[in-house]
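What follows is a set of notes on a single structure, which appears directly below.
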Amino acid sequence: MKYAHYDKETGKLIGYYDSAIHQTIPEPNIQITEEQWQEAIDNGYNYVDAKNKTLSYKDFRTEEEKLNDVKKNKINYLKQTRDKLVNEIIVTLEMGERLDGNELAQTRMSRAIQALPDDTTTLDWIDANNNTVQLTKPKFSEALVLAGQRQTEIYVKYNELRTKAENATTVEEVEAIKWED
């Protein structure tokens, strides 16, 4: 037979015991079937209802721990959103060229600006639509400024939302924080 040993005060599951393996089964415990044991293992059950002789999941975290976990998850979501948006930056130049403006593209533009000898020499560049375009140093500078501005907007928004999440005092406040452009 299988047994679920639990804390008498909280009902928190301490461990499983099998009389075929263990000589001593700690008290308090409830006897459970093989099926109950397998279901509990499969579903991460951590609570014993001794009165009804059932197992289930119960959140034993304090309200503060729950709030901190929700904040941590929200901030991770905000970071992922920020990074995704930065990676998807596309800028449109004054003459209509559309260029990738993510961090890698910004690095490549900076190198192009340094490498071009003057403002009229052109360099082949692949635009955001995978077409080859001819760009000059001023065009690269324009694209770099636009990409930097957009990236700054994204980071400022992230910082505002992160601060709002950190300062929230309830789970509901944190959950209400949404990234909206």
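The values are calculated or read from the model by the stated rules, or taken from the named source; none is laboratory data. All values reported here derive from a predicted model rather than from experimental measurement. Glycine gets a Cβ as well: all are built from the backbone with ideal geometry, and neighbour counts include every protein chain shown.
Check I113, I21, I41 and return the single one that is under 29 Å from the mean Cα position of the chain (by Cα), among the aliphatic types (A, V, I, L, M) and either exposed (fewer than 12 other Cβ atoms within 10 Å of the Cβ) or in the same structural domain as V156 (by TED's automatic domain parsing) (or both). Before the answer, list the steps.
On the way: I113 fails: under 29 Å from the mean Cα position of the chain (by Cα); I21 fails: under 29 Å from the mean Cα position of the chain (by Cα).
Matching residue, one of I113, I21, I41: I41.
Residues to consider are E35, E94, E63; find the one that is within 30 Å of T163 (Cα to Cα) and over 20 Å from the mean Cα position of the chain (by Cα).
Numbers: E35 fails: within 30 Å of T163 (Cα to Cα); E94 fails: within 30 Å of T163 (Cα to Cα).
Matching residue, one of E35, E94, E63: E63.
If I filter region 55-65 for residues that are within 30 Å of L13 (Cα to Cα), aromatic (F, W, Y) and in contact (Cβ under 8 Å) with a residue 40 or more places away in the chain, do I get at least one hit?
yes
Okay, residues lined up against (1) of a type in the set (K, R); (2) surrounded by fewer than 13 Cβ atoms within 10 Å (Cβ to Cβ):
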| residue | (1), (2) |
| --- | --- |
| G96 | no, yes |
| G101 | no, no |
| M109 | no, no |
| P117 | no, yes |
| L123 | no, no |
| T152 | no, yes |
| R162 | yes, no |
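Considering only helices (runs of 4 or more DSSP H) fully contained in region 103-181, which possess at least 2 residues that are under 14 Å from V91 (Cβ atoms)?
Numbers: elements: 103-115, 137-167, 171-175.
Passing ranges, in order: 103-115, 137-167.
Could you count how many residues in region 1-43 are part of a helix (DSSP H, G or I) and among the charged types (D, E, K, R)?
Residues of region 1-43 part of a helix (DSSP H, G or I): 34-43.
Filter once more, so that each one left must be among the charged types (D, E, K, R): 34-35, 39, 42.
Residues flagged as part of a helix (DSSP H, G or I) and among the charged types (D, E, K, R) within region 1-43 amount to 4.
Can you pull out every residue in region 50-76 that is among the hydroxyl-bearing types (S, T, Y) and exposed (fewer than 15 other Cβ atoms within 10 Å of the Cβ)? It would help to see each step written out before you state the result.
As a first pass, look at region 50-76 and keep what is among the hydroxyl-bearing types (S, T, Y): 54, 56-57, 62.
Of everything in region 50-76, those that are among the hydroxyl-bearing types (S, T, Y) and exposed (fewer than 15 other Cβ atoms within 10 Å of the Cβ) turn out to be Y57, T62.
Looking at (1) in contact with an Asp or Glu (Cβ under 9 Å, 6 or more places away or on another chain); (2) at pLDDT below 95, can you tell me which one E180 breaks?
Unmet for E180, out of (1) in contact with an Asp or Glu (Cβ under 9 Å, 6 or more places away or on another chain); (2) at pLDDT below 95: (1).
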